[in-house]
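S.K.: Before we start, here is the structure in question, set down as structure tokens.
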Amino acid sequence: MIVKETKLKGCFILEPKVFEDSRGYFLESYNQKIFNQLTSNNVKFVQDNESYSSRGVLRGGLHFQKGEHSQAKLVRVIKGEVLDVAVDIRPESQTYGDHVSIELSGENKKQFFVPRGFAHGFVVLSDIALFSYKCDNFYNKASEGGILYSDKILNIDWVLPHKELIISEKDNILPELKELKI
């Protein structure tokens with residue numbers, strides 16, 4: 001497995017070894033011992049989630065969990081293609097308010113590790129996408145938070161034109177980063 005840290009400390013792109021032959025392919029999508037060793041983390045995932053979405057769906061706006069319920073995530077796309085985005089919302093961080101984007105697809109098989117203290121969201125670029133993610137803490141509705149996907153300070157390029165984005169009502173009314181209270 002190849003692991004590369006992004007410009008945001010703690011966010012990693014992982015590229016698993018893929019073994020292909022005439023029958024198809026095999027890959028090890030997760031190995032806790034190798035993951036923790038290569039990322040210098042001691043993460044223990046406790047919940048797996050999956051979503052199925054069509055082109056233009058922007059999931060999460062930029063969601064996060066607060067306080068003791070914050071979550072680290074290891075995300076990947078099984079089928080289709082998405083633009084995945086993480087925003088550093090750690091107040092003490094030198095990269096507070098910075099973001100990183102990566103295209104994840106069933107074809108490139110890359111994974112993205114988003115540590116605690118980051119907001120996260122993605123937009124579907126293909127006709128459909130099957131998205132999978134591991135979380136190191138259980139979801140807690142009372143601790144959820146988010147940032148508006150179109151925040152002008154963040155200035156995220158979601159690749160697709162605004163008129164093609166499909167956004168939930170809940171995500172359309174999230175606060176901007178400058179209004180965030182963590």
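The values are calculated or read from the model by the stated rules, or taken from the named source; none is laboratory data. Everything quoted here is computed from the prediction, not taken from an experiment. Every residue, glycine as well, gets a Cβ built from its backbone with ideal geometry; the counts of neighbours run over all protein chains shown.
S.K.: Can you confirm whether the range 37-55 contains a residue that is under 29 Å from LEU160 (Cβ atoms) and either surrounded by 21 or more Cβ atoms within 10 Å (Cβ to Cβ) or of a type in the set (Phe, Trp, Tyr) (or both)?
M.R.: There is at least one residue in the range 37-55 that is under 29 Å from LEU160 (Cβ atoms) and either surrounded by 21 or more Cβ atoms within 10 Å (Cβ to Cβ) or of a type in the set (Phe, Trp, Tyr) (or both).
S.K.: Using beta carbons and a limit of 7 Å, which pairs, at least six apart or on different chains, have the first residue in the range 1-23 and more than 23 Å from ASN42 (Cβ to Cβ) and the second one surrounded by fewer than 10 Cβ atoms within 10 Å (Cβ to Cβ)?
M.R.: VAL18/TYR25; PHE19/TYR25
S.K.: Follow-up question, since we're still on this one. Of all residues in the range 2-59, how many are in contact with a helix residue (DSSP H, G or I) (Cβ under 6 Å, 6 or more places away or on another chain) and either of a type in the set (A, V, I, L, M) or on the phi > 0 side of the Ramachandran plot (or both)?
M.R.: Residues that pass the stated criteria total 2.
S.K.: Does GLU68 satisfy the condition of being of a type in the set (D, E, K, R) and either surrounded by 17 or more Cβ atoms within 10 Å (Cβ to Cβ) or within 30 Å of LYS163 (Cβ to Cβ) (or both)?
M.R.: no
S.K.: Another one. Does the range 144-164 hold any residues that are crowded, with 16+ Cβ neighbours inside 10 Å and over 22 Å from ILE78 (Cβ atoms), and which are they?
M.R.: Passing the criteria: GLY145, GLY146, ILE147, LEU148, TYR149, SER150, ASP151, LEU154, ILE156.
S.K.: Checking the conditions here, which among GLU92, GLU107, GLU103 is acidic (Asp, Glu), in contact with a strand residue (DSSP E or B) (Cβ under 9 Å, 6 or more places away or on another chain) and either closer than 22 Å to SER40 by Cβ or outside any loop (DSSP other than H, G, I, E, B) (or both)?
M.R.: None of the other options fit; the residue is GLU103.
S.K.: Say whether the condition of being surrounded by fewer than 17 Cβ atoms within 10 Å (Cβ to Cβ) and in contact (Cβ under 8 Å) with a residue 40 or more places away in the chain is met by at least one residue in the range 80-88.
M.R.: No, because not a single residue in the range 80-88 is surrounded by fewer than 17 Cβ atoms within 10 Å (Cβ to Cβ) and in contact (Cβ under 8 Å) with a residue 40 or more places away in the chain.
S.K.: If I ask for residues that are of a type in the set (Gly, Ala, Ser) and modelled with pLDDT under 95, which ones from the range 11-59 would you list?
M.R.: GLY24, SER29, SER40
S.K.: Turning to a different aspect of this structure: Somewhere in the range 6-23, is a residue among the aromatic types (Phe, Trp, Tyr), surrounded by 15 or more Cβ atoms within 10 Å (Cβ to Cβ) and assigned to a strand (DSSP E or B)?
M.R.: yes
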